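**Q** Below you will find the structure I want to go over with you.
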Amino acid sequence: MLVVMRYDATDRQIQGVVQAITDVGAIATGIIRVIMTGIIRVAMMVIGLLVNAVGTEPAAAQDVTEVLATAEVTYRQIETLQAEFTQTLVNPMMGNETTTGTLYLAPPERFSMRFAKPEGDRIVADGTWLWLHTPSTTPNQVIRQPIPDMGPATPNLFGQFVDRPLDRYAATYAGRDSVAGYSVEKVRLIPRVEGIPFRSVVISLSADGMLRRVDIVEDSGQRRTLVFDSILVNAPIPPEELIFRVPKGTRIVTP
C-alpha cells in the first residue's frame, strides 16, 4: 500500500511537470505570436514609408524643370515689380547684419532698393549707372559704377535666377518650405559657366512661379538671404524711385 502511494505521488509529479512544460510551450507560442505580429506591423509601416518616399520624392525631383519653367513664364510677364524685402548678411569676418526696405524693379535696366533700415540708404540703377549711396556709413560719398548683369544689386535681380536658368546653372530639387506665408518649392542652383559671382544659390518659388526667397553663397564666402513680401506686379513705380540725384556736397567715386 505504501508503494502504491509513492507511485501515485510520482505519477502526479510527472503529470505536473508535463503540464508545466505544456503551459510554458503555450506561453512561448503566445509570446512568439505577439513578437511576430509586432514585426509584421513594423515591416508594414516601413514598407509604407518606403512606398511614400518612392512615390513622392522622385516625382518632386523630376519636377525641377517644371518648377523653373513656371518661374520663367511668370518672370517674362513682369514689366514692373515692387516688394518689401528683408536682407540678411552672414559674414565670417564681420558678423551678421539685417536690413529692410522696398525693392523697385523695372527690367532690364532700372532697379532700386530704398532702405528703411538703415534709413536713407539707397541703391539705384537708373538705366545708365548704378548708384550706391549709404549715408548711414559714408554720408558724403556716393559710388557710381556700370550696371552689372548679375549680383545682388542689379535690374536682373530676378532674371539672373529664373530667366533660362538651365543655360547657366545645374539645378537640383532642394525640398519644400514656407516663406512669408507661402508654400514654396526650393531649387538649388550651382553655376556651370564663368562669370557668375556665386558659389551656389537656393531659390524658393511659390506655386505661381514667383520668387519669394533667395539664399546666396557668394564667392567671398559671405551668405546673403533676400526675402520678398507684399509683392506687387505691373503697378506704376513712382519715377523718383528710379532716379538718383546726387546730394549737394557729396563726392562721386567711380571704382
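The values are calculated or read from the model by the stated rules, or taken from the named source; none is laboratory data. Quantities reported herein were computed from a predicted structural model and do not represent experimental measurements. All Cβ positions, even for glycine, are placed from backbone atoms using ideal geometry, and neighbour counts span all protein chains on display.
**Q** Tally the residues that are touching a Phe, Trp or Tyr at 6+ places or on another chain (Cβ under 8 Å) and either closer than 25 Å to ARG223 by Cβ or of a type in the set (D, E, K, R) (or both), restricting the search to segment 137-149.
**A** 4
**Q** What's the total number of residues in segment 209-240 that are closer than 14 Å to ALA83 by Cβ and either of a type in the set (D, E, K, R) or not assigned by TED's automatic domain parsing to the domain that holds GLY101 (or both)?
**A** Here the count works out to 3.
**Q** What tally of residues in segment 199-226 results from selecting those that are surrounded by 18 or more Cβ atoms within 10 Å (Cβ to Cβ) and hydroxyl-bearing (Ser, Thr, Tyr)?
**A** Residues that pass the stated criteria total 2.
**Q** Another question about this same structure. Which of the residues belonging to segment 109-126 are surrounded by 15 or more Cβ atoms within 10 Å (Cβ to Cβ) and in contact (Cβ under 8 Å) with a residue 24 or more places away in the chain? Let's see the steps before the verdict.
**A** Initial filter on segment 109-126 (surrounded by 15 or more Cβ atoms within 10 Å (Cβ to Cβ)): 110-115, 121-126.
Listed by number, the residues that qualify are ARG110, PHE111, SER112, MET113, ARG114, ARG122, ILE123, VAL124, ALA125, ASP126.
Residues are listed down the side, and each one gets a yes or a no for (1) buried (at least 20 other Cβ atoms within 10 Å of the Cβ); (2) without any contact (Cβ under 8 Å) to a residue 24 or more places away in the chain; (3) out of contact with any helix residue (DSSP H, G or I) (no Cβ under 9 Å at 6 or more places or on another chain):
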| residue | (1), (2), (3) |
| --- | --- |
| TRP131 | yes, no, yes |
| THR134 | no, yes, yes |
| GLN141 | no, no, yes |
| PRO148 | no, yes, yes |
| PRO155 | yes, no, yes |
| ARG164 | no, no, no |
| VAL179 | no, no, yes |
| SER183 | no, no, yes |
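**Q** Let me ask something else. Among the residues of segment 179-189, is there at least one that is on the phi > 0 side of the Ramachandran plot, in contact with a Lys or Arg (Cβ under 7 Å, 6 or more places away or on another chain) and part of a loop (DSSP other than H, G, I, E, B)?
**A** yes
**Q** Taking segment 246-255, which residues are part of a loop (DSSP other than H, G, I, E, B) and either of a type in the set (Phe, Trp, Tyr) or surrounded by 10 or more Cβ atoms within 10 Å (Cβ to Cβ) (or both)?
**A** VAL246, PRO247, THR250
**Q** Looking at this structure, is ASP229 acidic (Asp, Glu), assigned to a strand (DSSP E or B) and touching a residue at least 12 places away in the same chain (Cβ under 8 Å)?
**A** Here the answer is yes, as ASP229 does meet what is asked.
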